[in-house]
1. Report, by residue number, each residue of the range 127-151 that is surrounded by 12 or more Cβ atoms within 10 Å (Cβ to Cβ) and in contact (Cβ under 8 Å) with a residue 60 or more places away in the chain.
2. Determine which member of the set Ala195, Ala190, Ala165, Ala171 is more than 18 Å from Leu103 (Cβ to Cβ) and part of a helix (DSSP H, G or I).
3. Hey, among the residues in the range 218-277 that are of a type outside the set (Gly, Ala, Ser), part of a loop (DSSP other than H, G, I, E, B) and over 24 Å from Leu152 (Cβ atoms), which one's modelled with the lowest pLDDT?
4. I want to confirm something. Restricting to the range 78-128 and keeping residues that are among the basic types (Lys, Arg) and outside any helix (DSSP H, G or I), which single residue is farthest from Ser261 (Cα to Cα)?
5. Would you check which residues across the range 171-213 are among the acidic types (Asp, Glu) and within 15 Å of Ala110 (Cβ to Cβ) and list them?
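The values are calculated or read from the model by the stated rules, or taken from the named source; none is laboratory data. Please read all numbers here as calculations on a predicted model, not as lab measurements. Here the Cβ positions follow ideal geometry from the backbone for every residue, glycine too, while neighbour counts run over all protein chains shown.
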Amino acid sequence: MSTDTAAAPVESTSTAPETKRARKHRKFSPWSVVAWIVALGFFFPVAWMVLTAFKQEGDAYTTPPKLFFTPTLDQFKAVLDSGIGTALLNSAFATAISTILVLVLGVPAAFALSLRPVRKTKDALFFFISTKMLPIVAAIIPLYVIVNDIGLLDNIWALIILYTAMNVPIAVWMMRSFFLEVPGELLEAASMDGASLWTSVREVILPLVSPGIAATALICVIFSWNEFFFAVNLTAVQAQTIPVFLVGFITGEGLYWARLSAAATLAALPVILAGWVAQNKLVRGLSFGAIK
């Protein structure tokens, strides 16, 4: 009798790997192959851009395209010598400062509209989102006049103010959905333990919604880094950002495919690195309730 009971666990452990393999085979779906094909299709232009950046201009503009060539860093050197560093610094400064301001303004507003709702919460939410309904082109003339009158034309602080105003509504709506996922009983329990509201938010609420804050910050970084319309109309030389700088490579004379690809690769690299660093929190944040 003891022999039978001793043999039972051995049989169950031996079948465990087989059960896992069977589950893996059952989970295979042709839709996964379709998903990979679609993903590779979306990634192909980016990969081709990076590949073109290592070509000479003569190799970049050929029919059919050259797949085998001698890689070179000449295009990257030419782009760095053309002054892309100033544009990168302007974009980095405007993006970083505006994102910080968006979080400082948006997180408390989202908290007040979710866990600590105020009067006419729906009206406040509609006001935030209504600011995104106005086309930017309809507001550029009055904005240009205002910026010119206050002496901020071709000034990076004008872009910082506009980027902050542009991203605050998005941050409020995203962060509100994160805060709504947090049980209100946590604040009540913290207050019963004698914690102040600031202590409860800092030590209880913010750690729970930190993935949402990271996801919101990354989206604001992407929007600010890629913004073109404000930058091209309100800057000239001193406050030129990277999207405006890239336009200078588009010309009707000469072939600059490889150099433009090198500049675009350098422009996309900071955002790609930021997304790669924050990928764990980004995935958790997007699945936590920010985008539904």
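1. Ile136, Ile140, Leu143, Tyr144, Val147
2. On the way: Ala195 fails: part of a helix (DSSP H, G or I); Ala165 fails: more than 18 Å from Leu103 (Cβ to Cβ); Ala171 fails: more than 18 Å from Leu103 (Cβ to Cβ).
Being more than 18 Å from Leu103 (Cβ to Cβ) and part of a helix (DSSP H, G or I) holds for just one of Ala195, Ala190, Ala165, Ala171, which is Ala190.
3. Within the range 218-277, the first condition is being of a type outside the set (Gly, Ala, Ser), and the residues that meet it are 218-223, 225-230, 232-235, 237-238, 240-247, 249-251, 253, 255-257, 259-260, 265-266, 269-273, 276-277.
Next, only the ones that are part of a loop (DSSP other than H, G, I, E, B) stay: 227-228, 235, 237-238, 240-241, 249-251, 253, 255-256.
Right, trim to over 24 Å from Leu152 (Cβ atoms) and you get 249-251, 253, 255-256.
Working: Phe249: 75, Ile250: 72, Thr251: 68, Glu253: 63, Leu255: 66, Tyr256: 80.
This residue is Glu253.
4. Out of the qualifying residues, it is Arg119.
5. So the first thing to find is which residues in the range 171-213 are among the acidic types (Asp, Glu), and the list is 181, 185, 188, 193, 203.
Scanning the range 171-213 gives a single hit, Glu181.
Yes/no matrix, rows are residues, columns are (1) farther than 14 Å from Thr235 by Cβ; (2) in the same structural domain as Ala274 (by TED's automatic domain parsing); (3) not aliphatic (A, V, I, L, M):
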position: Gly85; (1), (2), (3): yes, yes, yes
position: Leu89; (1), (2), (3): no, yes, no
position: Ala109; (1), (2), (3): yes, yes, no
position: Arg116; (1), (2), (3): yes, yes, yes
position: Met133; (1), (2), (3): yes, yes, no
position: Ile141; (1), (2), (3): yes, yes, no
position: Val145; (1), (2), (3): yes, yes, no
